[in-house]
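First up is the structure itself, then whatever we jot down about it.
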Amino acid sequence: PMRASIGRFGRVARTALTAPARKGPCFASVRILSHRTINLCTRAFSTSPPESEFESHDDFKPQSKQQFDMSDIHSLIEKDVKENPLMIYMKGTPNSPRCGFSKTVVDILRHMGYDFRARDVLSNELLRQGIKDFSDWPTVPQVYIDGEFVGGCDIMIEMFKNGELEELLSSSAASKLETNESS
C-alpha cells in the first residue's frame with residue numbers, strides 16, 4: 001500500500017514495506033522537491049554571483065584574494081625560474097597532479113632523485129596563460145633548469161631515455177635529494 005502526503009517543500013511519498021526480520025511494516029521515505037523549491041535553495045546557497053534582479057553593492061561582490069595583471073605574472077615567473085634551479089609549472093601539485101603529463105614529469109624527476117619546486121597553473125588563470133606567453137610554448141607542464149626553458153613532458157621523456165636529462169641536471173645548480181640508505 002502507498003500513502004502520500006504533501007509537505008512544505010514538496011511531495012513526500014511513503015511506501016509500506018514488509019521486512020522479513022521484523023514483524024509489521026517499515027516505512028521508506030522519498031522526497032521529491034518541486035522546481036520552485038530547488039530554485040529557491042539554489043539561489044540561497046549558491047556561490048555564484050547574484051542575478052541581476054538581486055545585484056548588490058560592489059563592496060559585497062566576490063573578489064579574488066590576489067589581484068594580478070600579466071606583468072606581475074611575468075615578474076613572478078622570472079623570479080621563480082631565477083631562484084629555483086629546477087622549476088616546474090604544472091597542473092596540480094607534485095603530491096596531487098591533476099594531469100597525466102604533469103605526473104609523468106614529476107615521476108621522472110623523483111625517480112632521478114632531484115629536488116625541484118613547482119607551481120600549480122590551475123590555481124590562477126593568468127598564471128596558466130602567462131607561463132605559455134613567457135616561454136612561447138603552448139602546453140603545460142613546463143620545466144626550467146637554471147633559468148632556461150627545457151620543454152614539456154615529451155621532451156623530458158626523450159631526454160630521460162637518452163641520458164641527456166641526467167647530464168643536464170648533473171651539470172646544473174639543481175641538487176639531489178638526500179637519501180637515507182642504511183645497510
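The values are calculated or read from the model by the stated rules, or taken from the named source; none is laboratory data. Note that this is a predicted model, so its numbers are computed, not measured. Positions of Cβ are generated from backbone atoms using ideal geometry, with glycine treated the same way; all protein chains shown enter the neighbour counts. Accessible surface is based on the protein model in full, side chains and every heavy atom, while ligands, DNA and RNA are left aside. Shrake-Rupley method; radii C 1.70, N 1.55, O 1.52, S 1.80 Å.
At a glance:
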quantity	calculated
Candidate set from the stretch 70-93 (those that are among the acidic types (Asp, Glu) and either within 23 Å of residue 172 (Cα to Cα) or modelled with pLDDT of 95 or more (or both)); member that is surrounded by the fewest Cβ atoms within 10 Å (Cβ to Cβ)	83
Segments classed as strands (runs of 3 or more DSSP E), wholly inside the stretch 97-177, with at least 2 members that are open to solvent by 50 Å² or more (accessible area, probe 1.4 Å) and over 24 Å from residue 78 (Cβ atoms)	none
Near pairs, Cβ below 6 angstrom, 6+ apart or cross-chain, from the stretch 84-107 (more than 14 Å from residue 119 (Cβ to Cβ)) to any residue that is open to solvent by less than 50 Å² (accessible area, probe 1.4 Å) and modelled with pLDDT under 95	85/172; 85/174
